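Please treat every number below as a calculation from the coordinates, not as lab data. In this text the structure is predicted, and so the values were computed from the model without any measurement. Here Cβ is always computed from backbone atoms with ideal geometry, including for glycine, and neighbour counts include all displayed protein chains.
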Amino acid sequence: MEKFKKIFIISFLLLVYMYVCNISFLPSSIIIFEGESVNLKTIAGINIKRAKKNYAPVVQTLAQEGLTENTYNTAGLFEINLDLFGTIPVKEIDVNVIPKTKVIPSGDLIGVKMYTSGVLVVGMSEIEGEDEVLYKPYLNTGIKEGDMIIEMNNEQVHNTNDLVYVVNSSQGQSIEVKYMRNDTVSTTSITPVKTDQNQYKIGLWVRDAAAGVGTMTFYEPSTGSFGALGHGIMDVDTGQILNIANGELVTSKLVDIKKGEKNNPGEIKGSIEGGISLGGIYKNTNFGVFGLLNGSNVPDITGSEECEVALRSEIKAGDAEIICELEDGKKEKYKIKIEKVYTSNSYDNKSMLIKVVDDRLIQKTGGIIQGMSGSPIIQDGKFIGAITNVLVSDPTTGYAVFADMMIKQMRSTQTAL
């Protein structure tokens, strides 16, 4: 009997844990387009319903029309409630329904410069002190590669120069350090070591900036906003997405193309030296980088016609085309096929499986290569997404992110400004 009680208690606690995890992982706010439905992954017993009191009128739909009550046909702010077994309220979720959007697909090769909000720890090494003994000042501090140092001795650290100044000014005294990991701020202390060159070191390799080339995906004339790359800028040493303070979009000159082969990814080689500033980058996300263009330079980097952003329900397997720049200053359209559409995927940038079928593109690049990320995809006259990844085993095949994911990410970052 006692054994049965223990099994029952453990099973009950596991069940409670499953429900708590499911609820905690659900977002507190959602952005959708007019005509889209709210799709949330929940477990049995959690009911979703619209709040009786909304910020804007709710368009009620009938089941015989093939729509659910979670389909929103009017722009505005709404609220949905989650309850357990129809009786216990557990969570409220805000739903921001935005109007259908029109953008200008780009395809221009661009350069990005990113500046971190703090300094990123990219490595660690022993320090030889003036006594010729090797020290590891970072031991037992809790600091790891990928952490962002944001403050030292109550002074903000904006760049590597700030860090070097504080360390040398310490004269070997312990320094209080605030660092961030996965949006969580922690505090520790570290004691610099004096070297035989009369300098102080803490044994951390850090970086405060990154740069590279890619493809601009779209430009929204009504707001001046842009999206590019279709994925975030990652640090080459830590493999983590850079937490940036700001950045800059600049013109890029195409230097060379390295064709992609099986197990050997290709690359667009570009130069941003002397590049003209096109605008500012305000957010680096898993779905691309976003910012505002300088109005004076917009005509030089667009040129495509404005088109509507497709709902993912409108995207289908079959023919489509991409826009990209493979000759300096010259953009072209190339044929691809959408092989699979992962309609329910809202969690990463692998929304569609695509294949290059245009012989001209295969001849030039071998397929999808680095630098083409962000190339806009058009189907039936609508902007449906952007290239994000290539399969190393087959350079003609890769992934693309839904256009609506990039637009929603842009809207959420605009709201945060």
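Give the order of LEU293, LEU278, LEU82, LEU249 when sorted by the count of other beta carbons within 10 angstrom, beginning with the fewest. Present the calculation step by step, with values, prior to reporting the outcome.
Working: LEU293 22, LEU278 26, LEU82 19, LEU249 29.
Listed from fewest to most nearby Cβ atoms, that is LEU82, LEU293, LEU278, LEU249.
Using the Cα gyration tensor of the stretch 126-202, with a ≥ b ≥ c the square roots of its eigenvalues, what is the shape: rounded (a/c below 1.5), prolate (a/b larger than b/c) or oblate (neither)?
It comes out prolate by the Cα gyration axes.
So if we plug the beta-carbon distance of LYS258 and ASN286 into 1/(1 + (r/R0)^6) with R0 = 25 Å, what FRET efficiency do we get, rounded to 0.05?
Once the sixth-power term is evaluated, E becomes 0.45.
Please arrange TYR399, TYR135, TYR165 by how many other C-beta atoms lie within 10 Å of their C-beta, fewest to most.
Values: TYR399 22, TYR135 19, TYR165 13.
Sorted ascending by nearby Cβ count, the order is TYR165, TYR135, TYR399.
Label point 7 Å out from LYS144 along Cα-to-Cβ: which residues of the stretch 162-183 have amide N under 20 Å?
It comes to 177-183, nothing else.
Between ILE88 and GLU306, with labels modelled 7 Å along Cα→Cβ, what's the label distance in nm to one decimal, could you check?
5.1
Evaluate E = 1/(1 + (r/R0)^6) for GLN197 and LYS316, where r is the Cβ-Cβ distance and R0 equals 51 Å; express this FRET efficiency to the nearest 0.05. Let's see the in-between values first.
Values: r = 65 Å, r/R0 = 1.28.
For R0 = 51 Å, the calculated efficiency reads 0.20.
Can you tell me the order of 265-272, 140-147 when each peptide is scored by its average per-residue count of other Cβ atoms within 10 angstrom, highest first? Display every interim value, and only then the final one.
Details: 265-272: 18.4, 140-147: 16.9.
Ranked from most to least packed, the peptides come out as 265-272, 140-147.
How many nm separate the modelled label positions at LYS102 and LYS340, each set 7 Å beyond the Cα in the direction of the Cβ?
Output for this residue pair reads 3.6 nm.
Calculate, for GLU332 and ARG181, the FRET efficiency according to 1/(1 + (r/R0)^6) with r their C-beta to C-beta distance and R0 45 Å; round to the nearest 0.05.
Values: r = 43 Å, r/R0 = 0.97.
FRET efficiency, GLU332 to ARG181: 0.55.
Want the number for ASN154 to TYR347: 0.36 nm per residue separation, take away the alpha-carbon distance, what's left?
Fully extending the segment from ASN154 to TYR347 adds 65.8 nm.
Just report the Cα centroid separation between the stretch 116-136 and the stretch 195-256, whole Å.
The stretch 116-136 and the stretch 195-256 have Cα centres spaced 23 Å from each other.
Tell me, VAL401, VAL392, VAL103 in order of fewest to most beta-carbon neighbours within 10 Å? Walk me through the numbers before you get to the answer.
Details: VAL401 31, VAL392 13, VAL103 27.
So the residues, fewest neighbours to most, are VAL392, VAL103, VAL401.
Could you grab the Rg to Rh ratio for the stretch 193-333? Cα atoms only, Kirkwood for Rh. It would help to have the intermediate numbers written out before the result.
On the way: Rg = 19.0 Å, Rh = 18.0 Å.
That ratio is 1.06, to two decimals.
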